[in-house]
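A.B. asks: What follows is a structure written as structure tokens; I'll ask about it next.
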Amino acid sequence: MAENRFNKDIGRHSVVFETPVYVRGYACVGGKKEGEGPMGECFDLIEQDPYFGQNTWEKAESRMQELAMTYALHKAQCEVKDIKYLFAGDLLGQLMATSFSVNKIEIPLFGVYGACSTFGEAIGLASMAIDGGFAGNTMALTSSHFSGAEKQFRFPLDYGNQRPRSSTWTVTGAAGIVLSNSRHGSNVCIKGITTGHIEDYGIKDSMNMGACMAPAAASLIECHLDEWDVTPDYYDKIVTGDLGKIGKKILIDMLMAKGINIAGNHMDCGIEIYDCKEQDSHCGGSGCACSACVLCSFLLKKLERGEYKRILFVPTGALLSGTSFNEGSSIPAIAHGVVFERI
């Protein structure tokens, strides 16, 4: 057994699963702006009320998680009792949205934080729990809310500050995915993961997340291609989380300088989720829900229909806090890679 376990390890950052980890069900919910974007019709629910029937932004985000979890479990034909472990997180301090969304359902919880890369981290850990034989069914869950994020990381909405062109718009949404060691009719699986390490290029501009996160995405993609011994065209799409227009250019340039050309099959969720010109999102979308909602509204459906055979999903996260920013610290970043395949 020990020898087999070590054979899963194909490098310092990467693991290939011994048996497929099946995508049993998934769902996402979004707000009004997300519903007006190019992928609006792909969401399971679009809510016009930014408070989602609650009286604070934070409670609204918890409600979004509850809804995403409910829809995902229903589509997976599961009940709460069928889920062994939940891996979940959000952007709010001490995972506030997650804590209050799951405080009554008694699923064993691993709270995770990777900023906007949280969904990739959660999926990776949930998959390893299944492949390791520790669980039959697991779930990954995340969320973000524009107003809650502005309140915590930037300026209260009442301040009415001007947003620079390099900024992105935090997605109001939540997404959940149920993973299983049994197929249950699924035709999409997770083949393996590549876990990123922190990259810090000394950037301090919290209104230019793309520049902060692009080096982490470049490092992760380079490492993944090397350890998996594949070329970019092995994937139908290499999908980053929320680099936006500026970060996308930096990423492609950084990899091109190392002889890696992903320009032809790269896609960024932050650019895809909004119509940047018509919806005034500047460089695009961001937040934990950005990549999570694009994955669970669009990408997985493409895999199910056979329009894609294989994607490398690389959500990215800028690991700043209100404290670190106010103390003048740089903004470290991280990325996580997940390989989804059509069976």
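A.B. asks: So what is the calculated 222 nm ellipticity per residue for the chain, using -39500 (n - 2.57) for each DSSP H run with n of 4 or more, over all residues, to the nearest 500 deg cm²/dmol?
C.D. replies: Taken over the chain, the calculation gives -9000 deg cm²/dmol.
A.B. asks: Starting from the Cα-Cα distance between residue 206 and residue 275, subtract it from 0.36 nm times their residue separation and give me the gain in nm to one decimal.
C.D. replies: Gain in length upon complete extension: 22.6 nm.
A.B. asks: Mind ranking 304-317, 29-42, 133-146, 198-211 by how tightly packed they are, going by the mean number of other C-beta atoms within 10 angstrom, highest first?
C.D. replies: 133-146, 304-317, 29-42, 198-211
A.B. asks: Can you tell me the Rg and Dmax of segment 188-342, counting just the alpha carbons, in angstroms?
C.D. replies: Rg then Dmax for segment 188-342, in Å: 15.1, 49.
A.B. asks: Still on this structure, please answer the following. How large is the charge dipole for the chain, taken about the Cα centre, if only the Cβ atoms of Lys, Arg (+1) and Asp, Glu (-1) carry charge, to the nearest 20 debye?
C.D. replies: With only Lys, Arg, Asp and Glu charged at Cβ, the dipole is about 280 debye.
A.B. asks: Report, in debye and to the nearest 20, how large the dipole of segment 188-342 comes out about its Cα centre when Lys and Arg carry +1 and Asp and Glu carry -1 on their Cβ.
C.D. replies: Dipole magnitude for segment 188-342 comes out near 360 debye.
A.B. asks: Hey, can you rank 108-118, 50-60 by average C-beta count inside 10 Å, highest first?
C.D. replies: 108-118, 50-60
A.B. asks: Ok, one more. Which listed residue (324, 74, 273) has the Cα farthest towards the positive end of the charge dipole for the chain, taking +1 on Lys and Arg C-beta and -1 on Asp and Glu C-beta about the Cα centre?
C.D. replies: My answer, from the dipole projection, is 74.
A.B. asks: Please compute the Cα-Cα pair-distance distribution of the chain with 10 Å bins starting at 0, giving whole percents from short to long.
C.D. replies: Bin by bin from 0 Å, the calculated values are 6, 29, 37, 22, 5, 0.
A.B. asks: Report, in listed order, any pair from 84/204; 75/258; 8/301; 59/249; 59/309; 33/84 with a Cα-Cα distance greater than 31 Å.
C.D. replies: Checking Cα-Cα distances, 84/204; 75/258; 59/249; 59/309; 33/84 exceed 31 Å.
A.B. asks: For each of 79, 150, 47, count neighbouring Cβ atoms within 10 Å of the residue's Cβ, then give the residues from fewest to most.
C.D. replies: 79, 150, 47
A.B. asks: Evaluate the distance, in nm, between pseudo-label points positioned 7 Å from the Cα of residue 265 and of residue 56 along their respective Cα→Cβ axes.
C.D. replies: With each label placed 7 Å out from Cα toward Cβ, I get 4.6 nm.
A.B. asks: Next question, about the same structure. Can you give the % of DSSP beta bridges in the chain that are antiparallel, to the nearest 5?
C.D. replies: For the chain, the DSSP antiparallel bridge percentage is about 65.
Since every read-out is calculated from the coordinates, none of them should be taken as a lab result. Since the structure is predicted, the reported quantities are computational estimates derived from the model, not experimental observations. Backbone-built Cβ (ideal geometry, glycine too); neighbour counts: all protein chains shown.
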